[in-house]
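The values are calculated or read from the model by the stated rules, or taken from the named source; none is laboratory data. On a predicted model such as this, the values are computed, not experimentally measured, just so you know. Note: ideal-geometry Cβ built from the backbone for every residue, glycine included; neighbour counts use all protein chains shown. What goes into the accessible areas is simple: the full protein's heavy atoms, side chains included, and nothing from ligands, DNA or RNA. Shrake-Rupley method; radii C 1.70, N 1.55, O 1.52, S 1.80 Å.
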Amino acid sequence: MSRGVRRAAAGQGAAAAVQLLVTLSFLPSVVEAQVIGVLDDCLCDIESIDNFNTFKIFPKIKKLQERDYFRYYKVNLKRPCPFWAEDGHCSIKDCHVEPCPESKIPVGIKAGSSNKYLKVANNTKELEDCEQANKLGAINSTLSIQSKEAFIDWARYDDSQDHFCELDDERSPAAQYVDLLLNPERYTGYKGPSAWRVWNSIYEENCFKPRSVYRPLNPLAPSRGEDDGESFYTWLEGLCLEKRVFYKLISGLHASINLHLCANYLLEETWGKPSWGPNIKEFKRRFDPVETKGEGPRRLKNLYFLYLIELRALSKVAPYFERSIVDLYTGNVEEDADTKTLLLNIFQDTKSFPMHFDEKSMFAGDKKGAKSLKEEFRLHFKNISRIMDCVGCDKCRLWGKLQTQGLGTALKILFSEKEIQKLPENSPSKGFQLTRQEIVALINAFGRLSTSIRELQNFKVLLQHSRCHCI
């Protein structure tokens with residue numbers, strides 16, 4: 001080979017190497033470049049949410065989730081799937097949920113088995129009256145004890161029209177307390193046909209979608225998910241606001257759950273000691289715009305949209321908790337006071353956010369049509385909450401049920417504004433009430449979204465470091 005040919009070849013090789021480095025340095029930042037700007041169907045930009053969450057919400061909500069009132073969640077993980085024969089529970093050890101021993105539950109929360117969560121529930125006489133209280137039926141778990149007549153009247157109130165979720169019966173022998181801090185949401189290895197069946201049922205049967213329209217990357221589609229989703233998004237944009245919002249909420253919840261799995265992935269296990277941490281490869285598989293044909297950034301934007309919805313709900317429900325009658329009772333008086341102070345402080349922060357989603361734009365048509373659409377919206381979401389009992393992995397089922405119930409509680413709040421405004425300061429309210437189960441789910445579900453957005457920032461940093469390492 002002549003010297004000129006060798007020089008030319010070397011030059012071409014160097015150019016190719018430079019091009020490769022440029023490509024490698026560019027690709028990791030694509031996710032960041034595409035998940036920016038103003039969100040659809042609202043007037044809020046992603047950068048504002050990132051800053052607000054990082055500096056105002058995340059540190060406080062994380063601290064609140066560690067308080068006893070919010071770390072213990074009562075759930076029934078043994079309810080049978082109401083839609084199809086179960087595939088059998090996951091046998092992977094990381095799918096297992098360790099229930100909390102009764103002796104570890106704070107006395108005030110145990111008294112809550114009879115729907116009493118306040119300071120008065122720790123009174124000896126009140127504890128002796130637990131059996132009698134059970135006979136009075138389900139009542140608001142955060143209101144002070146009133147007369148027996150008030151309890152009976154309250155118990156008769158049927159608020160089923162407000163529920164967006166299928167609630168577990170906390171009095172069921174199968175319902176157990178779970179310490180959420182000891183059973184964190186993370187990758188368990190649960191995947192394949194069983195997991196896909198759950199999400200496919202949620203999207204295909206409950207998101208107002210005709211069967212002739214296929215979601216992007218749907219392996220069951222005739223094109224095997226190889227199209228760019230143009231037909232799907234053309235259909236989605238043609239829907240009314242309410243149905244678009246519904247799809248975005250479900251997609252955002254799915255994205256949030258996937259982010260948690262990527263951020264808490266089983267990296268290795270040495271001598272029986274697992275090591276958990278962020279998995280960049282898994283993150284790119286689920287969200288990279290190239291690997292997902294542009295679908296990943298859309299999913300992440302829906303995560304931000306869901307965050308806005310739940311943030312709005314927290315700002316709206318603040319008056320409910322600001323009343324002196326409401327205590328977050330566990331039995332530890334000092335900690336309970338600190339817990340409520342921290343919660344109210346978070347509510348103040350949520351109120352200060354300047355670009356809230358305007359829920360008044362929903363169900364704003366003629367009254368009859370709006371009422372019918374709202375009921376359809378509610379029933380579809382309630383059906384999704386029932387599908388969570390079909391998840392084969394106990395840990396996935398736990399967090400799926402909690403986050404679904406948290407979102408359902410947020411929706412209940414957003415569409416109960418008039419009832420919340422009429423709340424009496426020192427007496428029970430028939431118009432709006434929250435159980436402790438709903439309160440715990442609401443705060444932890446929002447905490448999960450806050451964590452997702454924080455983890456997304458971490459992945460962006462990791463991708464940048466990966467780019468620098470390549471260079």
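For every residue, the table says whether it meets (1) closer than 30 Å to H465 by Cα; (2) modelled with pLDDT of 95 or more; (3) of a type in the set (K, R).
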site	(1), (2), (3)
E269	yes, no, no
S275	yes, no, no
V290	yes, no, no
G294	yes, no, no
F305	yes, yes, no
L311	no, yes, no
I325	no, no, no
D338	no, yes, no
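Out of the residues in the stretch 233-286 that are surrounded by 18 or more Cβ atoms within 10 Å (Cβ to Cβ) and among the aromatic types (F, W, Y), state the one that is farthest from L411 (Cα to Cα).
That would be Y265.
Anything in the stretch 254-295 that is of a type outside the set (V, I, T), touching a residue at least 40 places away in the same chain (Cβ under 8 Å) and part of a loop (DSSP other than H, G, I, E, B)? List them, or say none.
Listed by number, the residues that qualify are N264, P278, N279, D288, P289, K293, G294.
Quick check on this structure: which one of L456, L434 is open to solvent by less than 10 Å² (accessible area, probe 1.4 Å), more than 30 Å from N51 (Cα to Cα) and in contact (Cβ under 8 Å) with a residue 12 or more places away in the chain?
Within the list L456, L434, the selection yields L434.
Pairs under 9 Å by beta carbon, first residue under 15 Å from K78 (Cβ atoms) in the stretch 375-395, partner part of a helix (DSSP H, G or I) and among the basic types (K, R), six or more apart or different chains?
M388/R397; M388/K401; D389/R397; D389/K401; C390/R197; C390/R397; V391/R397; V391/K401
Here's a check for you: in the stretch 324-340, which residue that is assigned to a helix (DSSP H, G or I) and of a type outside the set (D, E) is most open to solvent (accessible area, probe 1.4 Å)?
V333
Does I309 qualify as being in a helix (DSSP H, G or I), touching a helix residue (DSSP H, G or I) at 6+ places or on another chain (Cβ under 7 Å) and under 22 Å from I257 (Cβ atoms)?
Judged against the criteria, I309 is a match.
Looking for something touching a Cys at 6+ places or on another chain (Cβ under 8 Å), closer than 27 Å to K301 by Cα and surrounded by 15 or more Cβ atoms within 10 Å (Cβ to Cβ) - is there at least one such residue anywhere in the stretch 201-217?
Yes, the conditions are met somewhere in the stretch 201-217.
Provide a single number: the residues in the stretch 341-371 that are over 21 Å from the mean Cα position of the chain (by Cα), modelled with pLDDT under 95 and in a helix (DSSP H, G or I).
Residues that pass the stated criteria total 7.
Can you give me the number of residues within the stretch 294-333 that are under 22 Å from S452 (Cβ atoms) and touching a Pro at 6+ places or on another chain (Cβ under 9 Å)?
Total satisfying the criteria: 5.
Could you tell me whether the stretch 372-395 includes any residue that is in contact with an Asp or Glu (Cβ under 9 Å, 6 or more places away or on another chain), farther than 29 Å from C81 by Cβ and part of a loop (DSSP other than H, G, I, E, B)?
There is no residue in the stretch 372-395 that is in contact with an Asp or Glu (Cβ under 9 Å, 6 or more places away or on another chain), farther than 29 Å from C81 by Cβ and part of a loop (DSSP other than H, G, I, E, B).
Considering only the stretch 396-416, I want to know if a residue exists there that is under 24 Å from P319 (Cα atoms), touching a residue at least 40 places away in the same chain (Cβ under 8 Å), out of contact with any helix residue (DSSP H, G or I) (no Cβ under 6 Å at 6 or more places or on another chain) and open to solvent by 20 Å² or more (accessible area, probe 1.4 Å).
Looking through the stretch 396-416, at least one residue is under 24 Å from P319 (Cα atoms), touching a residue at least 40 places away in the same chain (Cβ under 8 Å), out of contact with any helix residue (DSSP H, G or I) (no Cβ under 6 Å at 6 or more places or on another chain) and open to solvent by 20 Å² or more (accessible area, probe 1.4 Å).
Could you tell me whether any residue of the stretch 416-432 is under 16 Å from the mean Cα position of the chain (by Cα) and part of a helix (DSSP H, G or I)?
No; the residues of the stretch 416-432 include none that is under 16 Å from the mean Cα position of the chain (by Cα) and part of a helix (DSSP H, G or I).
Where residues in the stretch 63-80 are open to solvent by less than 20 Å² (accessible area, probe 1.4 Å) and either assigned to a loop (DSSP other than H, G, I, E, B) or of a type in the set (A, V, I, L, M) (or both), which of them is nearest to C396 (Cα to Cα)?
My answer is V75.
So, in the stretch 303-323, how many residues would count as being open to solvent by 20 Å² or more (accessible area, probe 1.4 Å) and polar (S, T, N, Q)?
Going through the stretch 303-323 one residue at a time, the tally reaches 0.
Which of the following residues is open to solvent by 60 Å² or more (accessible area, probe 1.4 Å), modelled with pLDDT under 85 and β-branched (V, I, T): V22, V38?
Of the residues listed, the single one that is open to solvent by 60 Å² or more (accessible area, probe 1.4 Å), modelled with pLDDT under 85 and β-branched (V, I, T) is V22.
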